[in-house]
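Novice: This is the structure, below, for whatever I ask next.
The values are calculated or read from the model by the stated rules, or taken from the named source; none is laboratory data. This one's a predicted model, so the numbers in the text were calculated from it and none came from an experiment. Neighbour counts are summed over all protein chains in view; Cβ atoms, including those assigned to glycine, are modelled from backbone coordinates with ideal geometry.
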Amino acid sequence: MYFDTHAHYDDKQYDEDRDALLKDLNKNNVGYIVNIGVDIKSSFASLELADKYPFVYASVGVHPHEAKNVKQEDYQTLENLLKQDKVVALGEIGLDYYYDLSDREVQKEVFKNQLKICENITKPVIIHSREATKDTLDIIKASKVRKGVVHAFSGSLEVAKEYINLGFYIGVGGVITFKNAKTLVNVVENIPLEYILIETDAPYLTPVPHRGTRNNSQNLRYVVEKIAEIKSIDKEIVEKTTFNIAKNFFCIN
Ligand code: NI
């Protein structure tokens with residue numbers, strides 16, 4: 001069975017067939033899904049999905065793209081959401097200096113304020129970091145948060161090791177199947193399987209051979225196959241280990 005640790009099934013791309021698709025995924029080897037919030041609205045939508053489907057859990061938070069829209073009262077809203085049983089993490093939160101859709105100072109401020117929420121409630125954080133490695137690491141180090149995952153990891157092996165030393169896991173998805181994924185392949189090859197969480201980021205980042213189409217959690221099989229190939233181990237071991245690691249990470253019994 002697969003555990004999809006990062007997906008966005010509240011996205012409008014699933015409006016036509018969401019219910020049928022989710023039920024079908026669960027019947028076909030997808031054991032759990034964590035649906036990820038990117039703003040307040042999608043955080044509530046994630047919890048709604050989690051309440052509706054036993055195999056879906058929610059993460060709540062504001063993505064750096066949306067940082068500019070955060071209001072003071074939103075932090076309390078996120079804290080209240082985070083207390084819900086089916087909300088298993090805070091995120092995705094972080095810094096994105098590639099798109100720069102919010103001012104960098106605002107991104108940093110909103111990232112720090114959200115990390116503070118997790119100082120009182122011991123649930124892991126889901127980090128989005130793009131072209132912002134140094135600032136992301138500095139802000140995490142200055143916080144008290146020591147459990148999380150770096151979603152769609154895109155850094156070097158050295159950076160991966162630094163995150164692991166801080167108590168973080170490495171999120172690996174469809175990108176690992178892309179031709180230009182050399183750096184990520186090197187990371188996956190050289191870190192223990194026990195620190196890898198697999199994810200789709202559906203509807204985005206669809207792995208080869210379906211690249212370019214709408215993603216779904218079934219495509220985790222290509223991610224698992226690729227990790228098995230890189231690490232020269234059975235894909236059954238990758239499937240089973242990543243499933244158990246993710247369950248423990250999100251404290252799902
Ligand atoms: Ni995402």
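Novice: Can you pull out every residue in the range 152-169 that is closer than 24 Å to residue 89 by Cα, more than 15 Å from the ligand (Cβ to nearest atom) and surrounded by fewer than 22 Cβ atoms within 10 Å (Cβ to Cβ)?
Specialist: 155, 159, 161, 162, 164, 165, 166, 167
Novice: Just checking, does the range 16-31 include any residue being part of a loop (DSSP other than H, G, I, E, B) and closer than 16 Å to residue 214 by Cα? Even if it seems obvious, please write down each step before you answer.
Specialist: Taking the range 16-31 first, the residues part of a loop (DSSP other than H, G, I, E, B) are 16-17, 28-29.
From what is left, the residues that are closer than 16 Å to residue 214 by Cα are 16-17.
So far as the range 16-31 goes, yes, one or more of its residues are part of a loop (DSSP other than H, G, I, E, B) and closer than 16 Å to residue 214 by Cα.
Novice: Also, quick follow-up: Mind checking which residues of the range 7-45 are out of contact with any helix residue (DSSP H, G or I) (no Cβ under 7 Å at 6 or more places or on another chain), within 16 Å of the ligand (Cβ to nearest atom) and in contact (Cβ under 8 Å) with a residue 40 or more places away in the chain?
Specialist: 8, 11, 13, 34
Novice: Can you tell me which condition residue 243 does not meet? The list is (1) outside any loop (DSSP other than H, G, I, E, B); (2) surrounded by fewer than 16 Cβ atoms within 10 Å (Cβ to Cβ), and all the others hold.
Specialist: (2)
Novice: Sticking with this one: Among 172, 149, which is surrounded by 20 or more Cβ atoms within 10 Å (Cβ to Cβ), touching a residue at least 60 places away in the same chain (Cβ under 8 Å) and closer than 24 Å to residue 229 by Cβ?
Specialist: 149
Novice: With respect to residue 119, determine if the residue is surrounded by fewer than 22 Cβ atoms within 10 Å (Cβ to Cβ) and modelled with pLDDT under 95.
Specialist: Values: surrounded by fewer than 22 Cβ atoms within 10 Å (Cβ to Cβ): yes; modelled with pLDDT under 95: yes.
So residue 119 fits the description; yes.
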